[in-house]
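**Student:** My questions all concern the structure below.
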Amino acid sequence: MRSVLNVGGHNKSHPMPEAYQGWKHLLLDIDPRLDADITMDARELSTLNGPKFDSVFCSHNLEHYYHHEVKKVLAGFLHVMADDGFAFIVVPDLEDLMATVAEKKLDLDDVLYESRVGPIMVRDLIFGYGKEIEASGQDFYAHKTGFTRKSLVKVLKEAGFHSIYSTNANMEIVAYAFKNRPTDYALELLSLDRMG
């Protein structure tokens, strides 16, 4: 059975992408109050021994590290992935955010959109979801860096990923980063072209 490590997924009730249907799902999170399979800081992933994962899923978590720490987190992804593995990464799209703020003349406290947890303001996309930071009292929920599509692809290349496919829509960037040359199975699973 294929396995995926969900880095910073908060809890297993959050739906995983359809690509992972039927996969074994292990949750890693830094917050000790959560019922994670592995409680640790993703910056320490390179110290993790044990089985290699077919994929690492990281949705709205990479922006919670300082820019200089992102490479360390990505090195950890490569460390825990199987040779034919891939990372599936989702982050807020700051380029789209900046364009929307300028076009609509939005302020920091203006609502961008409604989510399953409630209204998301401009400041939430930049600095982290304020209500969660306040309720938890934990600064690891704050955003410490941000990405455009170009800057995310750049940091993935610098970290050593072989092939990177990316897209953006609805103020999110989605990237598929392969440890080595992507397999036909992975390309079909993720509906990607061989040429990218």
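**Student:** Got a sec? Which of ASP124, ASP139, ASP96 is without any contact (Cβ under 8 Å) to a residue 24 or more places away in the chain, among the acidic types (Asp, Glu) and surrounded by fewer than 19 Cβ atoms within 10 Å (Cβ to Cβ)?
**Tutor:** Sole residue among the options that is without any contact (Cβ under 8 Å) to a residue 24 or more places away in the chain, among the acidic types (Asp, Glu) and surrounded by fewer than 19 Cβ atoms within 10 Å (Cβ to Cβ): ASP139.
**Student:** Follow-up question, since we're still on this one. When the stretch 108-121 is examined, which residues are found to be more than 18 Å from PHE147 (Cβ to Cβ) and surrounded by 15 or more Cβ atoms within 10 Å (Cβ to Cβ)?
**Tutor:** Answer for the stretch 108-121, where residues must be more than 18 Å from PHE147 (Cβ to Cβ) and surrounded by 15 or more Cβ atoms within 10 Å (Cβ to Cβ): just MET121.
**Student:** What tally of residues in the stretch 55-89 results from selecting those that are open to solvent by less than 10 Å² (accessible area, probe 1.4 Å) and either under 21 Å from TYR185 (Cα atoms) or hydroxyl-bearing (Ser, Thr, Tyr) (or both)?
**Tutor:** 10
**Student:** Quick check on this structure: which one of VAL80, VAL73 is under 18 Å from LYS154 (Cβ atoms) and in contact with a Lys or Arg (Cβ under 7 Å, 6 or more places away or on another chain)?
**Tutor:** VAL73
**Student:** Being among the aliphatic types (A, V, I, L, M) and touching a Leu at 6+ places or on another chain (Cβ under 7 Å) is the filter here, so list the residues in the stretch 161-193 that pass it.
**Tutor:** Once the filter is applied, which keeps residues that are among the aliphatic types (A, V, I, L, M) and touching a Leu at 6+ places or on another chain (Cβ under 7 Å), the stretch 161-193 yields ILE164, MET171, ILE173, ALA175, ALA177.
**Student:** Here is a follow-up. Residue pairs, Cβ under 6 Å, 6 or more apart or interchain, first in the stretch 1-26 and touching a residue at least 40 places away in the same chain (Cβ under 8 Å), second surrounded by 12 or more Cβ atoms within 10 Å (Cβ to Cβ) and among the basic types (Lys, Arg). List them.
**Tutor:** From residues that are touching a residue at least 40 places away in the same chain (Cβ under 8 Å), the pairs are SER3/LYS24.
**Student:** What residue, of LYS105, LYS52, is surrounded by 14 or more Cβ atoms within 10 Å (Cβ to Cβ), without any contact (Cβ under 8 Å) to a residue 60 or more places away in the chain, of a type in the set (Lys, Arg) and over 20 Å from LYS144 (Cβ atoms)?
**Tutor:** Unique residue meeting the criteria: LYS52.
**Student:** Among the strands (runs of 3 or more DSSP E) lying completely within the stretch 1-74, list those that include at least 1 residues that are touching a Ser or Thr at 6+ places or on another chain (Cβ under 9 Å) and of a type in the set (Ser, Thr, Tyr).
**Tutor:** Answer list for the stretch 1-74: 3-7, 53-59.
**Student:** Determine whether HIS25 is under 30 Å from MET121 (Cα atoms), of a type outside the set (Phe, Trp, Tyr) and out of contact with any Gly (no Cβ under 6 Å at 6 or more places or on another chain).
**Tutor:** The answer is no for HIS25.
**Student:** LEU190 fails exactly one of the following numbered conditions: (1) surrounded by 19 or more Cβ atoms within 10 Å (Cβ to Cβ); (2) in contact with a helix residue (DSSP H, G or I) (Cβ under 8 Å, 6 or more places away or on another chain). What is the number of that condition?
**Tutor:** Evaluating LEU190 over (1) surrounded by 19 or more Cβ atoms within 10 Å (Cβ to Cβ); (2) in contact with a helix residue (DSSP H, G or I) (Cβ under 8 Å, 6 or more places away or on another chain) leaves (1) as the failure.
The values are calculated or read from the model by the stated rules, or taken from the named source; none is laboratory data. Just so it is clear, the structure is predicted and the values come from calculations on it, not from any experiment. Heads up, the Cβs are rebuilt from the backbone with ideal geometry, glycines too, and the neighbour counts pull from every protein chain shown. For accessibility, only protein heavy atoms count, side chains too; no ligands or nucleic acids. Shrake-Rupley method; radii C 1.70, N 1.55, O 1.52, S 1.80 Å.
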